[in-house]
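Contents: one structure, followed by commentary.
The values are calculated or read from the model by the stated rules, or taken from the named source; none is laboratory data. Remember, it's a predicted structure, so these values are computed and weren't measured experimentally. Methodologically, a virtual Cβ is constructed for each residue, glycine included, from the backbone with ideal geometry; neighbour enumeration extends over all protein chains shown. With ligands, DNA and RNA removed, areas are computed over all heavy atoms of the protein, side chains included. Shrake-Rupley method; radii C 1.70, N 1.55, O 1.52, S 1.80 Å.
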Amino acid sequence: MVTALALASGLFWTLTYVLVIRQGLADRTYGMPLVALCANLAWEFIFSVVRPHHGVQHGVDIAWLCLDLGIAYTALRYGPRDFPSLSRPSFHAGLAGTFALSYLGVDLVCRQFDGGRGGYAAFGQNLMMSGLFLAMLAARRCLRGQSVWIATAKLAGTGLASVAVARSGDYADSALMTYLYVANLVVDLAYLAAVVAVSRTGAPAPQPVEV
């Protein structure tokens, strides 16, 4: 049962990444908040290359890393348009610096709190990502780079992952992990509700500034 739940979670998260890339290319923007993207890339690089997981999870991690590199492409190509006060080289340097800080932070959290495993970091940065998606929606005031399907797939992927880890018993005595399960669900539901509300307004997406 745990394996089936984990695989289902992996499929929904894979769908989330594919939809984010598709929407980003269609809207000529990036569809994942930049700090969340850097944290994701850091986690996936660590557990694909540096301290690879075993079995099916390793293959999933590699697939996610490749897909997140696709999202990174949209950020590098279209991201400077959302920061017109920055030159393109300055934007790229800032993104590189954010990734470096994210890598160190994710690795240290894993080593300090999780014996090198990625559970706390994964669910913690997932909660951060959900909040940043809400912030991006509020900042853009439209669904540019986002969609109801992305929000739904993300909710399903994280929810199934929470159930899978809870049933595995690996964090059975962790109040922090229980908090992360519940907090992720609450914020993901809030994000889905917000996306649905914005989609019903039919507000046109503002055109990004060319840089």
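May I ask which residue of M1, W43, P80 lies farthest towards the positive end of the charge dipole of the stretch 1-108, with charges of +1 (Lys, Arg) and -1 (Asp, Glu) on Cβ and the Cα centre as origin? Checking the options against the dipole of the stretch 1-108, the answer is P80.
Tell me the carbon and sulfur percent of the accessible area for the chain, rounded to whole percent, probe radius 1.4 Å. Walk me through the numbers on the way to the answer.
Values: 7120 of 10240 Å².
So the carbon and sulfur contribution to the accessible surface is 70 percent.
Can you tally the net charge around M177? Count Lys and Arg as +1, Asp and Glu as -1, for every other residue whose Cβ sits under 11 Å from the Cβ of M177.
Values: positive: none; negative: D114, D170, D173.
Summing Lys and Arg as +1 and Asp and Glu as -1 gives -3.
Angle of helix 88-114 to the longest C-alpha principal axis of the chain, folded into 0 to 90 degrees and rounded to 10: 20°.
For the chain, what does the helix formula give at 222 nm: sum of -39500 (n - 2.57) over DSSP H segments with n ≥ 4, over the residue count, nearest 500 deg cm²/dmol?
Details: 7 runs with 158 residues, N = 211.
So the helix-based figure for the chain works out to -26000 deg cm²/dmol.
Taking other residues whose beta carbon is less than 12 angstrom from the beta carbon of F45, and scoring Lys, Arg as +1 and Asp, Glu as -1, yields -3.
Over the chain, accessible surface divided per residue gives 49 Å², non-protein components excluded, 1.4 Å probe.
Among the listed values (1) 18.8; (2) 23.4; (3) 17.6, the one matching Kirkwood radius over Cα pairs in Å as calculated from this structure is (3). Each principal axis of the Cα cloud of the stretch 6-81 was evaluated for its coordinate range; sorted largest first, these ranges are 40, 24, 15 Å.
If you fit an axis through the alpha-carbon atoms of helix 34-45 and take the longest principal axis of the Cα set of the chain, what angle between them do you get, 0 to 90°, nearest 10? It works out to around 40 degrees. Here the dipole of the stretch 53-211 is about 520 debye; that uses its Cα centre as origin and unit charges on the Cβ of Lys and Arg (positive) and Asp and Glu (negative). Principal-axis analysis of the Cα atoms of the chain puts helix 148-168 at an angle of about 10° to the longest axis.
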